[in-house]
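In what follows, a single structure is set out as structure tokens and then discussed.
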Amino acid sequence: MTDMKKEADQPEGDILRNVESTGEMNAGQPENEEADKQKNEETPSKEHQKSKKEKTHERITELENIILEMTDRHLRLQAEFDNYRKRTNKEKAEMIRSGGETVLSNILPVIDDFDRALSAMKEVPDEDPAKIGFMLIFNKFKDFMKQNNVKEIEAAGADFDVDHHFAITKIPVPSEDLKGKVVDVIEKGYLLNDKGLRYAKVVIGE
């Protein structure tokens with residue numbers, strides 16, 4: 001009752017000011033709560049953005065590592081294939097060369113027979129039709145050997161060379177100049193691409 005009396009005694013203007021002050025306090029409180037709520041919402045959002053950036057960066061790093069690994073693997077496979085191709089081509093060339101070498105080596109006895117026949121026909125006139133035909137065949141044979149890079153080893157009168165000559169025997173010679181040289185050729189030798197196809201069988205002077 002005392003409070004009611006006090007309120008009755010207060011002027012009307014004071015009562016209105018008290019009401020407005022109370023309203024302002026009550027009105028300001030929700031705004032503060034809303035600001036706090038917004039602040040709390042912004043903090044997780046920034047952390048979320050930061051986490052997202054980190055995940056993106058990690059994903060980019062992971063993809064870069066995968067690309068580097070795939071590039072390295074590709075380069076290794078390319079190098080292995082290149083080595084395989086070179087090795088295969090080399091083996092193929094060796095097989096072809098080996099096959100050709102075998103064929104040409106087997107033809108050499110035929111050339112030896114031509115040489116023996118030619119030696120036996122020294123007394124036959126060059127105008128003889130048989131000798132003319134024989135020489136045509138023999139020259140074609142020699143051209144075929146040249147086309148296949150087969151050439152005769154120069155042996156007669158040359159210094160003995162273990163890389164090209166095979167000594168059958170040694171014989172005494174009348175002069176010092178002939179010692180260590182080839183004085184007779186028993187069987188001709190041949191080179192294929194400057195490589196020994198068959199040694200020349202020779203007699204050495206001593």
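Which of the residues belonging to the stretch 171-190 are part of a strand (DSSP E or B) and surrounded by fewer than 16 Cβ atoms within 10 Å (Cβ to Cβ)? If the condition is that a residue be part of a strand (DSSP E or B) and surrounded by fewer than 16 Cβ atoms within 10 Å (Cβ to Cβ), then ILE171, ASP184, ILE186 are the ones that fit.
Sub-8 Å Cβ pairs linking a first residue in the stretch 150-179 that is within 22 Å of GLY196 (Cα to Cα) to a second residue that is β-branched (Val, Ile, Thr) and in a loop (DSSP other than H, G, I, E, B), at least 6 apart or interchain, are HIS164/ILE153; HIS165/ILE153, ordered by first then second residue. Comparison of ILE168, ILE107 shows that the only residue that is in contact with a Lys or Arg (Cβ under 6 Å, 6 or more places away or on another chain) and not in a loop (DSSP other than H, G, I, E, B) is ILE168. Write out, first by first residue and then by second, each pair whose Cβ atoms fall under 7 Å of each other, whose residues are 6+ apart or on separate chains, and whose first residue, in the stretch 63-88, is on the phi > 0 side of the Ramachandran plot and among the β-branched types (Val, Ile, Thr) while the second is modelled with pLDDT of 90 or more and not in a helix (DSSP H, G or I). Pairs that qualify, where the first residue is on the phi > 0 side of the Ramachandran plot and among the β-branched types (Val, Ile, Thr) and the partner is modelled with pLDDT of 90 or more and not in a helix (DSSP H, G or I): there are none. Restricting to the stretch 123-134, and then to whatever is in a helix (DSSP H, G or I) and without any contact (Cβ under 8 Å) to a residue 12 or more places away in the chain, can you tell me which residue is surrounded by the fewest Cβ atoms within 10 Å (Cβ to Cβ)? It comes out as PRO129. The single residue among GLN147, GLN78 that is modelled with pLDDT of 85 or more and surrounded by fewer than 10 Cβ atoms within 10 Å (Cβ to Cβ) turns out to be GLN147.
The values are calculated or read from the model by the stated rules, or taken from the named source; none is laboratory data. Please read all numbers here as calculations on a predicted model, not as lab measurements. All Cβ positions, glycine included, derive from the backbone under ideal geometry; neighbour counts span all protein chains shown.
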